[in-house]
Structure formats: C-alpha cells, structure tokens
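Beneath this line is the structure, given in structure tokens, with notes to follow.
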Amino acid sequence: MTYKYLKCKLLQTKRVLIYGTGDSGIVTYNALVSNVSTSVNVIGFIDDDVKKNGQVINGISILPYSHINEAYVTSNNIDEIIVASQHVDTNKLIKLIDCLVDSDVKVTKVPPIESWINGELSAKQIKQVQIEDLLGRPPIQIDNPNLLSEFKGERVLVTGAAGSIGSELVKQLSNLNVKQLILVDQAESPLYDLQQELKQNGKYNYTAIVADIRDGLRIDSIFQDYKPTMVFHAAAYKHVPLMEESPYESIKINVNGTKLLADTASRYNVKKFVFISTDKAVNPTSVMGATKRMAEMYISCLQKESKTKFITTRFGNVLGSNGSVIPLFKKQIENGSPLTLTHKDITRYFMTIPEASQLVLEAGTMGKGGEIFIFDMGESVKIFDLAKNMIKLSGLRYPEDIDIKITGLRPGEKLYEELLANGENTLSTYHKKIMISKTRALDYVKVKSEIEELCITNRFQNNNIVMKMKSLIPEYKSNNSEYERFDTRVKIYKKAKGIIDSNSLNKVEYKSI
C-alpha cells in the first residue's frame, strides 16, 4: 500500500504559481514546461502591477499579489510559488513567506540572470528561497573604480584574517592588484584553510602569519619585516555572554590588542588603519561593547598625534558569521530541536559578509582620518519572525514540526541595537549607504592616558575593571548583568567629584569629506 501511494505521489503533477510576468517569468515558464523529468502545471502568474490583472500569458491568468494568501493556495492545491522576478520587493517577499507560514507551499526563487547556464535557465537552478533573501532591503552594491587605484601596489595587513569578515576582506583585496597581503591570525587551522582557498583560486601574493595581536614584539617584527602600508583590523573577541564573564580577556584583546596594533602602525607611518567596530559599541550594555567603544576612543585620540589616517567602521550582525544566529538556527533545524531565542521582541540589523566587507573597503577608501563610518543596514529584523521564516523555508511548520523556545536575555544582551550613541548624528558621504557619525568631543589627552593606564593595570579583578570602564564611558549601562550594581556607584562617585557626564554635553566634533 505504501509503495503504491509513493508511486502515485511521484507521478503527481506539481501545481505552481510564477511570481513575475517579465522576461524572467516567461523564461521560467518555458523552463518548467520543457522539463521532462517533472510534470508541472502552471496555475497562474502573479504580478504587482494592477494594470496586468486579468490579462493572460499562454492562456494562463495573471493574478494580483494581494490575491495570494493561505486560503487561495489551499483551495487551489498549490504546491510551489516560484519567484521569477529579478527585482522583487524584499518586503513583499517577506509578507509572502509570512502569509504562507502555516501552509505546505514551497517558496522558491529563480537565480540571477548572470548565473543562468549559457544564458538559459534550467529548472534545476530554481532553488529554495534563502534567509539571505529576506534581509528587508535590496543587497548593497559597490561599483567604485577608485577601489582599484586605492589598493593597487599596496602592502595590506589584515588581522583576524581567518575570521568571517577578515577572510572575505582578504578575498576581495586579492582581486584589487595589491602588491602583498599579510594575513595575521592566531587561529592556525582556519588560517591554513584560507591559505588553501587562495591557492586554489590562483592567488599567491600573500603571506600567512600565525601571531597574536597582544604580543607587541611579534607585531613590531611583522611591521619591520613586511612594511605594510595599510591595515585592516578585524581581530576581536565578539561573543557578548563570554566576554561578560571575562572583562580581563576582553580588554586584553579588544582594547590593548587594538592599542598595540595602532601604536605600531603609527610608529611605522602606515597610510591608513581601518578599525572594524560594531553597533554594540553604541550606548554599550555589555563588556564586549564597552571594550569596542574604548578601542574606537583610543584610535580617535591617536589620530590627533599621528600621520596615519585612523578610520573606524561600525555595522551590525553579519549573516552566516561565526557564532551568529543564522548558523545556530540551521543546526537546530537539522537536529529537529527547538530554535532557541532569548526574547520574543529582540531585533537585530543584518547584512551579508560580502556586503559588510565591500562597505569596509569603500569606507577605507573615502576616509581622511578620524571618522566613524556607519552603514545603512535597512530596517531591523525581528528575530522571532526570522526564526519562523527559517522553519518555513526548511519545508517545516511552526510549531508542529519545530518549536521556538524563549530562553531569556543573556548577560549584557540588548533587545535592540543602535548605530548612533546619545548626542550623535550623521553626515552623508558620496555613497548613500555610508554615513559619518558626528561624535561627541573627547578630552583626548585625558582619555588616551586613562585607556593606557587601564591596559597596564588590567588584572583578573573584574569589579575594578568594569568600574573603570564605566568611568571612561558614561553611556555604558549594563543590562541583565551582575555589573548593573556599579551604574549607581559610578553616578554617585561622579556627582561627588563634580564630574560632568558627557551625555549632557552638546558639543560635537564634525568630520566631513
């Protein structure tokens, strides 16, 4: 009985809708009907243009986007909706997934035209919609010929070169006619893997070095031997809960490591030093975010006395990066276990690894020194909705097949991230997706001195370390952390000493290009 049922199922005609009536929609239709291995019945086309409603293509009706909902697909036994449009509004794609979340309908997507085989689409190329397609905005594209002239002939050092952002920066830089790439990372195996990938792609103008950015003598010897002219600093500890438990380690890498590297770059008159920061440095609620903010502050101070142009870039979460929520959800779905989410209302900004790396290179090109560049990351994404969409895109149903378990906010974790601190605003640049933060004025001599002192006195005494960080960064207010108790103490101490909270200052430092 089971065999007959399966045989009958295999011979069943698949009923599909095609989203898009342009050339790509027509090509998709032809690819489906000419595919001999699968029996397909195209029930209708979907189009956003209301003027096309009721028209027909090859005898098949064009339906309005608003017509497509769970009731329609259920009553018409629709098996699959194929998104053929090359320029579909991402918000409409998200709404389409959302409205079908409780149905068994698959949502698939036609690849970009440039990836068609010899200009022709094969039905086999139609794939399941990926979570990257639901960013909430069109992918950021960079086409700047200045990048080639900026990096041509340069010797570029990348720290954290084997990490998610670092490795993508390396791959993009390897295509920009640089004279030499110096790849620095303490993670031996990932660095080896990157080395092999570069070789396989015919790239040999690099040197891979296993080294720790906390080792000042080692870093100095690398600068002395290889004489980098530009530095991209991506090495960092980034996991909020782990760093909340280890302020000592967080300062050692994120602050002192950055300080050593920046000091060395300045000493060797490196042209540009691009520091990769995070939105968690904005109004930090965690040790990790606070250490990244201190690193931003230190290189801003160093800019005042150095010939090197120090540039900071800030952006949010990167899809697919090590430790990010997307790979975690994918593993949990593969294991059939519930997706774990810290809070139902938590939101995050997202961009892809190539997007983030492109924007870092672009910001590095336009930077004149002292800027904090922030990226337009579109609308923030509600992680609970993202989790439901991932379950749906995996061909499963929430909560019948995969449930979502709320575990509670982790130490130092925010409900939502910000790209600007209190009192900051932005200036535009020639790239509409890149802005410059107008930051509050710092007492550069005092701040630099205090950060240097903290790096020297950094010990395993977490309470003292955190108190000093809070004194240095007035906007640092702990969240869901044992260090919340220090916020009131720091406030009382400052009031007693007559110290003005920088949140109350209206002065800002303007940078423009």
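What follows is calculated from the coordinates using simple rules that are stated; it is not laboratory data. Keep in mind the model is a prediction, meaning the values are calculated, not measured. Don't worry about glycine lacking a Cβ; one is built from the backbone with ideal geometry, like all the others, and counts go over all protein chains shown.
Quick look at the numbers
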{"item": "Sum of -39500 (n - 2.57) over DSSP H runs of 4+, divided by residues of the chain (222 nm, nearest 500)", "result": "-11000 deg cm²/dmol"}
{"item": "Stretchable slack from K203 to D443, in nm (0.36 nm times residue separation minus alpha-carbon distance)", "result": "81.9 nm"}
{"item": "³J(HN,Hα), Karplus 6.51/-1.76/1.60, whole Hz, each residue of the range 268-284, x for Gly, Pro", "result": "9, 6, 4, 4, 9, 10, 9, 9, 9, 9, 8, 5, 6, 7, 8, 6, x"}
{"item": "Volume in Å³ per residue [convex hull over Cα atoms, computed for the chain]", "result": "181"}
{"item": "Where chymotrypsin sites (Phe, Trp or Tyr not before Pro) fall in DSSP loop in the range 156-227, at most 10 other Cβ within 10 Å", "result": "Y204"}
{"item": "On Cα atoms only, tilt of 444-457 relative to the major axis of the chain in degrees", "result": "90"}
{"item": "For the range 13-129: rounded, prolate or oblate by the Cα gyration tensor [a/c cutoff 1.5]", "result": "rounded"}
{"item": "DSSP beta bridges in the range 277-395 [antiparallel fraction, %, rounded to 5]", "result": "25"}
{"item": "Ranked list, fewest to most other Cβ atoms within 10 Å of each Cβ, for H67, H87, H233", "result": "H87, H67, H233"}
{"item": "Spatial separation of Cα centroids for the range 59-82 and the range 396-462, in angstrom", "result": "44"}
{"item": "Which of S115, S164 has the fewest Cβ neighbours within 10 Å, and the rest in rising order", "result": "S115, S164"}
{"item": "Two-site label geometry, K382 and S66: point separation in nm, points 7 Å out along Cα→Cβ", "result": "2.3"}
{"item": "Tilt relative to the chain, helix 325-335 - C-alpha long axis, 0 to 90 degrees, to 10", "result": "50"}
{"item": "Cα centroid separation - the range 294-330 against the range 192-216, whole Å", "result": "21"}
{"item": "S115/N30 FRET efficiency (R0 22 Å; Cβ-Cβ; nearest 0.05)", "result": "0.80"}
{"item": "Proxy reagent accessibility, fewest Cβ within 10 Å first, across T108, T365", "result": "T108, T365"}
{"item": "Loop sites in the range 296-331: trypsin sites (Lys or Arg not before Pro), DSSP, at most 11 other Cβ within 10 Å", "result": "K307"}
{"item": "Percent antiparallel among DSSP beta bridges (both partners in the chain, rounded to 5)", "result": "25"}
{"item": "Cα gyration tensor, the range 146-439 - rounded (a/c under 1.5), prolate or oblate", "result": "prolate"}
{"item": "Under 5 Å, built H, 5+ apart or other chain: amide partners of V381", "result": "R348, Y349, F350"}
{"item": "Trypsin sites (Lys or Arg not before Pro) restricted to the range 354-393 and DSSP loop, no more than 15 other C-beta within 10 Å", "result": "K368"}
{"item": "Rounded, prolate or oblate (a/c below 1.5 giving rounded, otherwise prolate when a/b exceeds b/c) for the range 92-216 by Cα gyration tensor", "result": "prolate"}
{"item": "Residue range of the chain that is longest and free of GluC sites (Glu not before Pro) which are both DSSP loop and sparsely packed (at most 14 other C-beta within 10 Å)", "result": "1-304"}
